[in-house]
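Right, one structure below, let's go through it.
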Amino acid sequence: MRRREFLTIPATALGGTLLYTLAGEPFRLQAQDGKVKVPLRFFTEAEAKQAQAICALIFPSDASGPGATEAGVVIYIDRQLAGPYGADKYRYTKGPFTNTVPEHGYQGKENPRQVYRQGLQSLGNFAALPAAEQVKKLESIEKTHFFQMVRTHTIEGMFADPMHGGNAGLIGWQMIGFPGPQMSYREEIDRHRGQPYRPKPASLEQIMHRKPALMEDEKS
């Protein structure tokens, strides 16, 4: 069993309300010198920093709002890779392994964990490169399965329910005006008749008042 790894994130980028959303283990978080140590399930700290740097370029923070770093996207990816998805538990993994039309989906041998480990290693010390060099590196691999996977996961981490680790503080949902998985707005019809109605986003856990069981928490 390997030593427990952590990703250190500036506490000012999170705010107290985001700690539980990001880590799912609020009593294990350690805050020192304005920073928070979030426990990782799959990545090493170095890998998490590499992945976070990639996600930050794919979905950067700018004048329009926060990006992948603020939303805790790398925590979402870490959880997915640590769970059954990362081990390809539910994908047919027998040969032959071949390149085919995109409509057939991924037909390779490597599971998501292996794709990430190999992809991150191939980039060298990506997180330490100047921004312009990082962009060049990503442009050189943008057609690869690894980059396409990271891009997809970055978008998922921005807009998935925060119980999965990303979309911290409902950042993504606030950005697009998504109110959350409400089953009905019947009670609000008469209250807001003829008026614009913009409900505050709520996660599934907030709506249900309990934490749902998560697939990524299953043993892979």
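The values are calculated or read from the model by the stated rules, or taken from the named source; none is laboratory data. Fair warning: this is a prediction, and the values are worked out from it, not measured in the lab. Ideal geometry is used to build each Cβ from the backbone, glycine not excepted, and the neighbour counts take in all protein chains shown.
Before moving on, here are some points about what is shown:
- Any hit, the range 15-26, residues being within 27 Å of A213 (Cβ to Cβ), at pLDDT 90 or above and not in a helix (DSSP H, G or I): no
- Any hit, the range 45-59, residues being aromatic (F, W, Y) and at pLDDT below 90: no
- Entirely in the range 125-177, the helices (runs of 4 or more DSSP H) that have 2 or more residues that are in contact with a Pro (Cβ under 7 Å, 6 or more places away or on another chain) and in contact (Cβ under 8 Å) with a residue 12 or more places away in the chain: 171-176
- Subset of the range 70-86 [surrounded by 18 or more Cβ atoms within 10 Å (Cβ to Cβ) and in a loop (DSSP other than H, G, I, E, B)]: G72, G83, Y85, G86
- Residue in the range 87-97 that is of a type in the set (V, I, T), in a helix (DSSP H, G or I) and either at negative phi or modelled with pLDDT of 90 or more (or both) present: no
- Given (1) under 22 Å from the mean Cα position of the chain (by Cα); (2) within 22 Å of A71 (Cα to Cα), index of the condition R198 fails: (1)
- Condition met for M163 (surrounded by 17 or more Cβ atoms within 10 Å (Cβ to Cβ) and of a type in the set (A, V, I, L, M)): yes
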